[in-house]
Amino acid sequence: MAEHTSSNITIEAAPADVMAVIADFGRYPDWTGEVKEAEVLKTDAQGRAEQVRLVMDAGAIKDDQVLGYTWTGDNEVSWTLVKSQMLRSLDGSYLLKPAGVGSTEVTYSLTVDVKIPMLGMIKRKAEKVIIDRALAGLKKRVESGEK
């Protein structure tokens, strides 16, 4: 079984406000850094994204990928790779937990397997960089109050 990398951050906003930013894929290029384009391809009966095409540019890794999303209640979303040029697999999730009045603890977990050979230590370091950038961008975006 592949090892995963995870990290968390506390955001000064309610879980619903944090999830609203996470679910707004069209705005990902505004705050994620690596996502240059995002397009929702398919939605569920509640209007939440089920499949999203992302064009990524993370320096050495540039990719055009489709991810499948699963929503668990109002506080968790997970995704898995549907297709990619560079990746063999990609599994991730955001889990939101209330952390006192008006705060949310966000845990981001990620497992990536690339098609090119890469040492496990280097891969986990890359996962950690992706997670830390995403959490910092999410915190900044949510706390700025932008919709």
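Charges only on Cβ, +1 for Lys and Arg, -1 for Asp and Glu: so what's the dipole of region 2-61 about the Cα centre, in debye to the nearest 20?
Details: 5 positive and 11 negative charges, 30 e Å.
About 140 debye.
Between Asp64 and Glu39, the contour length at 0.36 nm per residue exceeds the Cα-Cα span by 7.9 nm. Seen from Glu12, the other residues with C-beta closer than 9 Å to its C-beta sum to a net charge of 0, counting Lys and Arg as +1 and Asp and Glu as -1.
Please report the net charge: other residues with Cβ closer than 14 Å to the Cβ of Leu95, K and R +1, D and E -1. Don't skip to the end; give the middle numbers.
Details: positive: Lys97; negative: Asp74, Glu76, Asp91, Glu105.
Residues close to Leu95 contribute a combined charge of -3.
Rolled with a 1.4 Å probe across the full set of protein chains, the surface gives Arg88 an accessible area near 140 Å².
Classify region 1-42 as rounded, prolate or oblate, taking a ≥ b ≥ c as the square roots of the eigenvalues of its Cα gyration tensor: rounded when a/c is under 1.5, otherwise prolate if a/b is larger than b/c and oblate if not. List each step's numbers first, then the result.
Values: a/c = 1.76, a/b = 1.09, b/c = 1.62.
Note, shape of region 1-42 comes out oblate.
Its relative contact order, with pairs defined as Cα atoms under 8 Å and 6+ residues apart, puts the chain at 29 percent. When the surface is traced with a 1.4 Å probe over the full set of protein chains, Ser7 keeps roughly 20 Å² accessible. Note on Ile9: accessible area is roughly 40 Å² with a 1.4 Å probe, heavy atoms of protein only.
Of the listed residues Lys42, Lys139, Lys83, the order by accessible area with a 1.4 Å probe, largest first, is Lys83, Lys42, Lys139.
Accessible surface of the chain, 1.4 Å probe: 54 percent of it comes from carbon and sulfur atoms. This model, with +1 at the C-beta of Lys and Arg and -1 at the C-beta of Asp and Glu, gives the chain a dipole about its Cα centre of some 400 debye.
The values are calculated or read from the model by the stated rules, or taken from the named source; none is laboratory data. Since the structure is predicted, the reported quantities are computational estimates derived from the model, not experimental observations. No Cβ is skipped: glycine too gets one built from the backbone with ideal geometry, and neighbour counts run over all protein chains shown. Accessible surface is based on the protein model in full, side chains and every heavy atom, while ligands, DNA and RNA are left aside. Shrake-Rupley method; radii C 1.70, N 1.55, O 1.52, S 1.80 Å.
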